[in-house]
Amino acid sequence: MQLLKVEPNGTAKAFLLSSAIWFVVGTTLGGIDATHLAAPELIDNIPFLVFGRLRPMHTNTVIFGFVGTSLMGAGFYLIPVMTRTVLYSERLGKLALWVWNLSILSGNVLLGLGYSQSREYAEWIWPVDIGILTAFALIFVNYLMTTLRRQEKILYVSVWYLFAALVFTWCFYFFGNAVWNPRTGSLAGLADANLAWFYGHGIIGLFMTPLAVAVAYYIVPIVSRAPLYSHSLSLIGFWTILVLYSHIGAHHIIQTPIPTWLKVVAITGSLSMLLPVATVLVNLWLTMRGRLGVLHANIAGKFVFAGLVWYALVCIAGPLQALPSVQRVTHLNNWVIAHSHLGVLGFAGFIGLAGIWLIIPRIIGRPLYEKRLADIQYWLLIFGLTAFHLVLSTAGLIQGNSWLNGEAIYRTLPMMHIYMVLRLFSGLFIIGAAYIGLYNLLRTLYWPGKIKEGLP
Ligand code: HEM
Ligand code: HEM
């Protein structure tokens, strides 16, 4: 069985397959969540299906299971290729995979049974945290030992990003989950709100973002068959994102009585984020300029391109959302849910999918079972996510403006119903895309039959 076999590139393959499975599980959970919000009485009173339990199961599955697994799995392929060395240990890789997958699974089962730390994206209780931290450490050791034994002296920027993501994530996962305090997994009061968002923001900016940028920096030059426009620019982007992203988590709690200086740091840092984001986008744009046709002829190229467009959009909205005047309308409503799906699925998830579709055929030396299915997945996701985003942004603006005008929250709820139904409907396209992707991947790996298309 794939998940147990020790073979060249087996770890990367098993991580990418696991990600496709988590994609199906995570989006299905999201679909049940959305059903709850569209028809609250339909599946009430089944304890493990209540919204409060299912929501963190959805978010943790898609963030760690789908996005994290695909991007770190891509790392298991990229690090050996970029260092021109075989992976230090496939066995260690498989061990990491098992610890990682079992932690995600047990975290979710425990959430379903009602065991939660009740802090966003840090809901898993401490035994699961230990598993996740162990998996990060095992992956780090494997990447590091491979890199130390490298044939290639120059380290391409993707390698820097992969290491930064693991080191930073390990540290803020440890502190953010208050692992030394297993009883609650938290501090108390406002200090905990700060810690929780230092952590929550780290998951976005120092776990998913650098991993996705690492994979994009690899795929764009390879697929568009053009050298990277500027290595210096890539390093400017690398250092500025580390300096800026690490301390702006307080922009999630600007409406709370945290110290003013912290709000100022968070807001100015958020606006400055345009710098590292622009360096990545300009650098990759100038690399692929004039080669968009070549890029789009490849399914991974298409996914990565769309991922970068969503990245641009989400990072234009992000700094604006950090402004108190804008937050008065957008905070705590569906506007933020729209932003999160655009970032996590549109940017990081699309680039994770690009990694899957680029790397799998290269590892197994065979084309995809059916490139058309991957194309269908792409279009379902483009349509589903665009609709999802427009529906929720509109809903958020209606909520925000009603509240600003003094309307009671309960009176705005009936207005939301149609948007919740439309969100469920647009989410079905995303769920369908996840199932089609898993089918295509399983057929590619295990039952290719007669190959229908050439190498993507
Ligand atoms: C320049 C970049 C970005 C900035 C300045 C930014 C800013 C913000 C702000 C201010 C919020 C809080 C909104 C509120 O609660 O009122 C937020 C929420 C969020 N952002 Fe971003 N964002 C950026 C990019 C991204 C990216 C790239 C992703 C995904 C990879 C992302 C994912 C999220 C998520 C998941 C939330 C929701 C957090 C929650 O559960 O409340 N953001 N962002
Ligand atoms: C891989 C795809 C997906 C990703 C990466 C993703 C990610 C997320 C994230 C990060 C949040 C937390 C948002 C926040 O607090 O700001 C969230 C919440 C949610 N997602 Fe998803 N999601 C995905 C697919 C879906 C799908 C397909 C549906 C529906 C059919 C869905 C429905 C929901 C619902 C209902 C919530 C809770 C919203 C609320 O609390 O009001 N998600 N998702």
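The values are calculated or read from the model by the stated rules, or taken from the named source; none is laboratory data. Just so it is clear, the model here is predicted, and its values are computed rather than measured. A quick note on method: Cβ atoms are made from the backbone with ideal geometry, for glycine too, and the neighbour counts reach across all protein chains shown. Just the protein is used for accessible areas: all its heavy atoms, side chains included, with ligands, DNA and RNA removed. Shrake-Rupley method; radii C 1.70, N 1.55, O 1.52, S 1.80 Å.
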Problem set entry | Pair F48, L274: separation of 7 Å Cα→Cβ label points (nm) | 4.9 nm
Problem set entry | Per residue solvent-accessible surface (Å²) - the chain, probe of 1.4 Å | 40 Å²
For this session: For n ≥ 4 DSSP H runs only, could you compute -39500 (n - 2.57) per run for the chain, divide by its residues and tell me the 222 nm figure to the nearest 500?
Result: -24000 deg cm²/dmol
Exercise. Ranked from the most accessible area to the least, with a 1.4 Å probe and all protein chains present, what is the order of L441, L113, L373?
Worked result: L113, L373, L441
Exercise. How would W170, W180 rank on accessible area, largest to smallest, probe 1.4 Å?
Worked result: W180, W170
Problem set entry | Pair L113, V265: separation of 7 Å Cα→Cβ label points (nm) | 4.0 nm
Exercise. For T28 and L320 in the same chain, what is the full-extension length gain: residue separation times 0.36 nm, less their Cα-Cα distance, in nm?
Worked result: 102.0 nm
For this session: Run the accessible area of the range 245-291 with a 1.4 Å probe and give the carbon-and-sulfur part as a rounded percent.
Result: 70 percent
Exercise. Using a ≥ b ≥ c from the Cα gyration tensor of the range 273-344 (square roots of the eigenvalues), is it rounded, prolate or oblate, where a/c under 1.5 gives rounded and otherwise the larger of a/b and b/c decides, a/b for prolate?
Worked result: oblate
Seminar exercise, completed: FRET efficiency for H231 and E407 from the Cβ-Cβ distance with R0 = 51 Å, rounded to 0.05, comes out at 0.45
Exercise. So, with a 1.4 angstrom probe, what is the percent of accessible area on the range 1-155 that is carbon and sulfur?
Worked result: 68 percent
Problem set entry | Label-to-label distance, nm, for residues given as V329 and Q255 (7 Å Cα→Cβ offset) | 1.5 nm
Problem set entry | Protection-proxy order for peptides 351-360, 253-262, 388-397, 11-20, each taking the mean of Cβ atoms within 10 Å per residue, highest first | 351-360, 11-20, 388-397, 253-262
For this session: Relative to the longest principal axis of the C-alpha atoms of the chain, give the angle of the C-alpha long axis of helix 260-272, reported between 0 and 90° and rounded to the nearest 10°.
Result: 40 degrees
Exercise. What does the charge count near V223 come to, summing +1 for each Lys or Arg and -1 for each Asp or Glu among other residues with Cβ under 10 Å from its Cβ?
Worked result: +3
Exercise. For E120, E41, what's the largest-to-smallest order of accessible area, 1.4 Å probe?
Worked result: E41, E120
For this session: Taking the chain as the reference, fit the longest principal axis to its C-alpha atoms, fit the long axis of helix 350-364 to the helix C-alpha atoms, and give the angle between the two in degrees, 0 to 90, nearest 10.
Result: 20 degrees
Seminar exercise, completed: Computed over the range 1-155, the relative contact order (Cα-Cα under 8 Å, seq sep at least six) in percent reads 30 percent
Problem set entry | Alpha-carbon centroids, the range 349-420 and the range 40-106: separation in whole Å | 20 Å
For this session: Stick to the Cα atoms of the range 1-155, pair each with every other, and give me the Kirkwood hydrodynamic radius in Å at one decimal.
Result: 16.5 Å
For this session: Scale the Cα Rg of the chain by the rule-of-thumb value 2.2 N^0.38 Å and send over the ratio, two decimals.
Result: 0.94
Exercise. Got a number for the accessible area of H251? Probe 1.4 Å, square angstrom, nearest 10.
Worked result: 30 Å²
Exercise. To the nearest 10 degrees, how steeply does helix 157-176 sit against the main Cα axis of the chain, on a 0 to 90 scale?
Worked result: 40 degrees
